[in-house]
Amino acid sequence: MYRIVKKRLLAQGIALLEVEAAAVAAKVEPGQFVIVRVDEVGERIPLTVMDFNREKGTITIVVQDVGYSSAIITTMNEGDAFQDFVGPLGVASEIENFGTVVCIGGGLGIAPIHPIARGLKDAGNHVISVLGSRSADLLILEEEMRAVSNEVVIATNDGSAGVKGFVTDGLAKVLSEGHKVAAIWAIGPMVMMKAVVEYTRPLGIKTIVSMNPIMVDGTGMCGACRISVGNETKFACVDGPEFDGHLVDFDLAMKRLAFYKDEENRAKARLECHHEGGHH
């Protein structure tokens with residue numbers, strides 16, 4: 001069993017869990033993910049890795065209460081354990097010394113951008129992180145990101161912290177300061193990643209996105225996570241999760257993601273009904 005050794009609430013409905021998973025911690029690299037299962041009957045959930053500690057043999061994940069299973073995970077406590085904790089899955093980030101790089105994290109995307117920013121900084125890059133959230137109280141991991149970045153720019157939709165607007169406004173601020181940016185990593189909701197690549201395409205700045213579509217097995221067998229990249233079909237779980245953002249067909253990816261929304265909402269409604277003592 002994979003025990004939770006530390007739990008911290010980062011914001012409303014968002015929990016950080018540090019989990020004992022020595023075999024995964026020994027091998028994991030920035031950009032990779034894990035698939036977890038709470039118990040025998042639980043569904044398999046892909047989660048990006050926010051941090052790892054090879055010495056302690058732990059993996060840190062960040063989970064938001066958005067669906068049936070994530071609602072259960074966010075209520076787990078220290079001492080509770082996962083039945084399965086499989087990884088590392090996916091292809092690691094290509095980390096080298098590019099010069100000046102920008103790491104953009106939107107909402108929950110700040111969690112997986114964290115190990116990438118750290119890896120890039122360790123490789124000698126000047127790392128500028130742009131963090132976005134709807135409002136200041138939903139901004140997660142700011143201190144952790146400051147620790148692995150040379151500079152941090154914050155953008156909130158309501159202007160309660162940093163630049164008022166979106167991460168693209170934060171990026172515009174960075175570029176207006178005359179930084180020669182060699183590459184950009186952007187992780188967040190599909191609409192955010194799409195906006196970033198539309199912004200950087202005419203500028204010709206290499207932009208890498210992390211695609212997290214619906215996955216079932218994480219080994220490329222089921223095909224649920226297929227996306228179109230440069231007019232070729234790729235499987236996010238084995239070919240990704242990182243891709244050249246300028247080649248990703250975001251409209252198709254967003255359509256596919258919408259397929260599963262109704263099913264997820266039904267499952268979550270059943271869970272809430274159960275919690276309130278109602279009948280299924």
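Values for this structure:
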quantity	calculated
Sum of side-chain charges, ILE59 neighbourhood, beta-carbon under 9 Å (Lys, Arg +1; Asp, Glu -1)	-3
Aspartates and glutamates whose Cα lies under 13 Å from that of LYS173, excluding same-chain neighbours fewer than 8 positions away	GLU151
Protection-proxy order for peptides 46-57, 128-139, 174-185, each taking the mean of Cβ atoms within 10 Å per residue, highest first	128-139, 46-57, 174-185
Computed FRET value (nearest 0.05) for ALA23 with GLU43, which takes r as the C-beta separation and R₀ as 25 Å	0.65
Normalised per residue, the volume of the convex hull around the Cα set of the stretch 1-112 (Å³)	106
Separation in nanometres of the label points that stand 7 Å from Cα toward Cβ, at THR100 and LEU247	2.7
Cut-off 12 Å, label 7 Å out along Cα→Cβ of SER160, residues of the stretch 117-139 by amide N	133-139
Set of lysines near LYS7 by C-alpha distance (under 18 Å), chain-local residues within fewer than 8 positions excluded	LYS56
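Here, each number is a calculation from the coordinates, and none is a lab measurement. Bear in mind that the values here come from a model prediction, so they are computed numbers and not experimental data. No Cβ is skipped: glycine too gets one built from the backbone with ideal geometry, and neighbour counts run over all protein chains shown.
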